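Written out below as structure tokens is the structure these notes cover.
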Amino acid sequence: MQTGGRPMRILFADDESSLQELMRIELPRLGHEATVCPDGRTAVAALERTAYDCVIVDLDMPGVGGLEVISRARAISPDTETVIVTGKSSLETAVAAVRQGVFDYLTKPCKLAEIQGVLERVRRKRELTARLRALEGRVRRAEGTTHLVGESAALDGVRRLIARVAATSASVLIRGETGTGKELVARAIHEASQRSGGPLVAVNCGALPEQLVESELFGHRKGAFTGADEHRAGLFEVADGGTLFLDEVGELPRALQPRLLRALESGEIRRVGDNQPTTVDVRVICATHRCLEEMVAEGTFREDLLFRINTFEIPVPPLRERLDDLPALVDHFVRRARPQTPPQAVVAQNEVLEVLASHRWPGNVRELANVIEHALVLCDELPLASEHLPTRFTAVRAAPAGLVGQPPALAMAAGPNATCSAVGSPAADRPVSLRELEMQAILSALDRHRGNKPRAAEDLGISLKTLYNKLNGATSTGSTTTS
């Protein structure tokens with residue numbers, strides 16, 4: 001009976017002749033190409049001649065033992081998966097080996113169904129790894145190196161700090177309001193570091209369900225809790241050899257903060273339901289829009305964890321403090337959406353840039369990206385004109401004296417005339433959509449609370465997760481390659 005997927009090349013080494021004969025017959029029957037060796041020395045010689053997808057070795061072979069074979073396999077071909085076969089007397093050694101990177105172990109006497117199950121998991125992992133690498137390659141080719149758009153003095157200061165810290169192994173805390181481009185700063189650090197060949201794994205701590213945060217970060221063992229049907233690696237293990245970016249680290253549950261602190265200090269993590277630690281090599285970069293010092297004073301964030309993640313700090317300026325970069329950002333967003341735009345083409349009228357420059361940008365660059373996306377939907381031919389902008393910008397231009405520059409919600413609430421102008425009276429360019437009204441309310445709440453999303457969500461009467469979903473849904477196309 002052949003398993004699904006492509007055949008694998010498997011090396012099997014065991015000093016029991018009955019197992020050797022079984023594998024010579026059954027592995028090809030399962031659709032795999034098999035090399036069967038009677039001892040460790042023969043297995044090492046085979047490894048030096050041929051590349052294998054999976055190596056299955058007896059732990060207790062005389063002479064060259066299973067662990068030595070695995071060590072040689074890793075040195076020759078780091079991508080090869082390894083599986084240990086062992087008796088009960090060496091079970092503890094096998095478990096320890098799994099924690100150090102061996103894919104799995106089998107106990108004697110091995111059932112064919114167990115071997116088949118392990119090989120199927122190996123196959124799925126290798127296929128997923130290959131697809132992930134292909135996807136990462138396409139993304140790198142499409143996006144190129146992370147580019148922080150703009151030449152303002154404020155952004156130049158950020159670039160200098162990135163260059164300083166990237167060459168080190170220091171933990172970094174990136175501070176800034178929502179939408180300023182903190183993840184892009186983290187990407188720039190990773191790409192300029194010696195870990196650039198490894199993975200960059202990004203996770204928004206505030207968007208994870210509280211009951212699953214521990215499992216997501218540290219993984220879990222099969223049966224650790226209801227629904228844990230198989231072993232699962234956490235994001236620390238996925239990021240091994242690379243960088244883990246913890247966005248909105250201030251939203252991390254207080255009970256989980258000691259585990260993060262231990263992982264940062266010792267380089268060891270422990271899966272949920274596991275008694276033994278696993279060593280990982282991960283650089284952690286954190287980001288937050290919150291004042292962690294205030295949270296320490298309130299008792300919601302550990303002071304020792306703050307000291308540990310804040311070895312090196314990079315403040316990212318809000319868009320209102322780098323308005324010199326606004327024309328370059330508009331040009332970038334337009335050309336990214338319409339790559340066929342000629343290099344010398346004017347993408348936006350001066351009036352558009354003036355209106356945009358008068359806005360406070362509570363949502364920062366992320367909000368700007370959303371505004372440009374909106375304008376491009378309405379714009380058939382460049383340059384962008386003021387009538388292509390969302391109606392909240394029309395409301396600002398039409399507002400009575402004294403209201404210009406205030407958040408849209410304040411202008412709309414100022415009186416009947418202002419309200420009508422904002423939502424579709426003859427003075428408005430077009431009727432406002434429900435989605436725009438919703439985003440106006442969200443952005444105004446964020447502005448009132450200075451970017452504090454938990455407080456804005458409470459003010460709006462929605463959950464924090466719902467707020468994240470609405471922000472991400474509105475701006476998902478505008479947050480990949482610019483600051």
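The values are calculated or read from the model by the stated rules, or taken from the named source; none is laboratory data. Just so we're clear, the structure is a prediction, and the values are computed from it rather than from any experiment. Cβ sites come from the backbone with ideal geometry, for glycine too, and all protein chains shown count toward neighbours.
The table for this structure:
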{"quantity": "Conditions (1) of a type outside the set (S, T, N, Q); (2) surrounded by fewer than 18 Cβ atoms within 10 Å (Cβ to Cβ); (3) modelled with pLDDT of 85 or more; (4) within 18 Å of the chain's Cα centre (by Cα); number of the one not met by Val139", "calculated": "(3)"}
{"quantity": "Members of segment 43-79 found to be in contact with a strand residue (DSSP E or B) (Cβ under 7 Å, 6 or more places away or on another chain), surrounded by fewer than 21 Cβ atoms within 10 Å (Cβ to Cβ) and at pLDDT 90 or above, listed by number", "calculated": "Ala46, Asp53"}
{"quantity": "Unmet requirement for Arg159, which otherwise passes all of (1) at pLDDT 85 or above; (2) not assigned by TED's automatic domain parsing to the domain that holds Glu268", "calculated": "(2)"}
{"quantity": "Residue match in segment 304-315 (condition: among the basic types (Lys, Arg), touching a residue at least 24 places away in the same chain (Cβ under 8 Å) and either in the same structural domain as Gly179 (by TED's automatic domain parsing) or surrounded by 16 or more Cβ atoms within 10 Å (Cβ to Cβ) (or both))", "calculated": "yes"}
{"quantity": "Test: residue in segment 434-445 that is more than 30 Å from Val346 (Cβ to Cβ) and modelled with pLDDT under 80", "calculated": "yes"}
{"quantity": "From the options Gly250, Gly241, residue that is in the same structural domain as Glu183 (by TED's automatic domain parsing) and at positive phi", "calculated": "Gly241"}
{"quantity": "Among (1) more than 24 Å from Arg450 (Cα to Cα); (2) at pLDDT 95 or above; (3) assigned to a loop (DSSP other than H, G, I, E, B), the one test that Val284 misses", "calculated": "(3)"}
{"quantity": "Considering residues of segment 332-356 that are more than 27 Å from the chain's Cα centre (by Cα) and either closer than 20 Å to Asp156 by Cα or of a type in the set (Val, Ile, Thr) (or both) only, the residue surrounded by the most Cβ atoms within 10 Å (Cβ to Cβ)", "calculated": "Val352"}
{"quantity": "Exclusive hit being in the same structural domain as Ser215 (by TED's automatic domain parsing) and either farther than 30 Å from His374 by Cβ or of a type outside the set (D, E, K, R) (or both), set Val282, Val352", "calculated": "Val282"}
{"quantity": "Subset of segment 3-40 [within 40 Å of the chain's Cα centre (by Cα), outside any loop (DSSP other than H, G, I, E, B) and buried (at least 18 other Cβ atoms within 10 Å of the Cβ)]", "calculated": "Ile10, Leu11, Phe12, Ala13, Leu27, Ala34, Thr35"}
